Amino acid sequence: MEHKYDTTYSHPVPVIELTVSSNSEEKKCIGIIDSGVEMTCIPEEIVEELRLRLVGIIAVTDFKGQVSEMCTYLANISFGDFNFKVEVLPINGNKVLIGRDILNHLVITLDGKRGICEIKGD
């Protein structure tokens, strides 16, 4: 399945349309493919709107090396033929950051010259 890059950024980014869901509700979102993120991150607003279930608290190190404790929540993330049940972190912003907890189960090809991201299963 091929997806176009979002060219509204100063450096275009690979994005996909996805659905975040809890047991009873769902929300369509845009997700950024981000191999620098270990755990998938979801905007706080969506965590609250879908009333995602609190799973635990973990220590998180940000890009500046600062450590803080954050709550994790259980979410279903689906796009195309793929469906993942993962622990997610809440973030500020309006886009989902798709982390290595999902990406490591896929074959991702980034074609920056054409502005295309191709996603396949194994």
Inset, instruction - Would you mind checking which residues have amide H under 5 Å from Ile116's amide H? H placed 1.01 Å from N; only 5 or more apart, or other chain. - result: Tyr5, Asp111
Legend entry - Residue of Thr109, Thr40, Thr72 that the Gaussian network model of the chain assigns the largest fluctuation, springs spanning Cα pairs under 10 Å: Thr109
Inset, instruction - List the relative contact order of the chain as a percent without decimals, with contacts defined as Cα pairs under 8 Å and 6+ residues apart. - result: 31
Legend entry - For the stretch 1-78 versus the stretch 82-122, the gap between their alpha-carbon centres in whole angstrom: 9
Legend entry - the chain, dipole about Cα centre (Lys/Arg Cβ +1, Asp/Glu Cβ -1), debye to the nearest 20: 180
Inset, instruction - At 0.36 nm per residue, minus the direct Cα-Cα distance, what do Ile30 and Val107 gain on full extension? Give it in nm, one decimal, please. - result: 25.8 nm
Inset, instruction - Would you calculate the separation in nanometres between label points at Asp122 and Cys71, each defined as 7 Å from the Cα along the Cα-to-beta-carbon direction? - result: 3.5
Legend entry - Antiparallel bridge percentage (DSSP; both residues within the stretch 13-122; nearest 5): 85
Inset, instruction - Excluding residues fewer than 8 places away in the same chain, name every one of the lysines whose C-alpha is closer than 18 Å to that of Lys27. - result: Lys85, Lys95
Legend entry - Helical mean residue ellipticity (222 nm; -39500 (n - 2.57) per DSSP H run of 4+; nearest 500) of the chain: -1500 deg cm²/dmol
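Throughout, read-outs are computed from the coordinates displayed, never taken from laboratory work. All figures in this text were calculated on a predicted structure; none of them were measured in a lab. Every residue, glycine among them, receives a Cβ derived from its backbone with ideal geometry; neighbour counts consider all protein chains shown.
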